[in-house]
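The values are calculated or read from the model by the stated rules, or taken from the named source; none is laboratory data. The shown structure was predicted, so the numbers you read here are calculated from the model rather than taken from an experiment. Here the Cβ is made from the backbone with ideal geometry for all residues, glycine too, and neighbour counts use every protein chain on show.
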Amino acid sequence: MSDVVLNPWAILAAALSTFILGGVWYSPILFARPWMEAAGLSEEDVKNGGMSRILGGAFVLSLVMAANLAAFLSGPPDLVWGMTAGALAGFGWVAMALGVIYLFERRPLKLFLVNAGYQVVAFVVMGAILGVWK
């Protein structure tokens, strides 16, 4: 087994990309309303939800996700493989795991589609960044 070398700057950029994407994905431009409705959240809930704790925790978790994906991307820099690996991880693992949880919790399909869709796109973007910037 070869030694895995991780680029901390690429991992940081990949983690930050989830915030940029999430800012647009969960904004009124795209899916804020359907997400809040399906999650049972009001605008007041979102505004008073302890955002510094949520954003800080989300950033740490995004760093772990990006580092994990980077560890799986071996070989020379490759955009297509990075995006493919991100899509496989985002759809095949993350979205399907969310689907299992959502089925048991009887959550709305709309909520699954918004959240799982975000994860798939986020992993493809992270994979692209990590694939070319090793």
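Going through Leu98, Leu103 one at a time, which residue ends up being more than 18 Å from the chain's Cα centre (by Cα) and modelled with pLDDT of 95 or more? Lay out the reasoning, then the answer.
Numbers: Leu98 fails: more than 18 Å from the chain's Cα centre (by Cα).
Residue meeting the stated conditions: Leu103.
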Tabulated pairs, the range 123-134, first assigned to a loop (DSSP other than H, G, I, E, B), second surrounded by fewer than 19 Cβ atoms within 10 Å (Cβ to Cβ) and polar (S, T, N, Q), C-beta under 6 angstrom, 6+ apart or interchain:
Lys134/Asn7
State yes or no: is Met83 surrounded by 12 or more Cβ atoms within 10 Å (Cβ to Cβ), touching a Gly at 6+ places or on another chain (Cβ under 6 Å) and at pLDDT 95 or above?
yes
For the range 34-47, pairs from a residue that is under 19 Å from Gly117 (Cβ atoms) to a residue that is surrounded by 10 or more Cβ atoms within 10 Å (Cβ to Cβ) and charged (D, E, K, R), with Cβ under 6 Å and 6 or more apart or across chains, are Pro34/Lys110; Ala38/Lys110
State all residues of the range 21-70 that are of a type in the set (Val, Ile, Thr) and at pLDDT 95 or above; if no residue qualifies, say none.
Val24, Ile29, Val60, Val64
Select from the range 106-134 the residues that are among the aliphatic types (A, V, I, L, M) and more than 29 Å from Trp9 (Cβ to Cβ) and write down the one among them that is surrounded by the fewest Cβ atoms within 10 Å (Cβ to Cβ).
Leu109
Mind checking whether some residue in the range 21-30 is surrounded by fewer than 14 Cβ atoms within 10 Å (Cβ to Cβ), closer than 25 Å to Ala128 by Cβ and of a type in the set (Ser, Thr, Tyr)?
yes
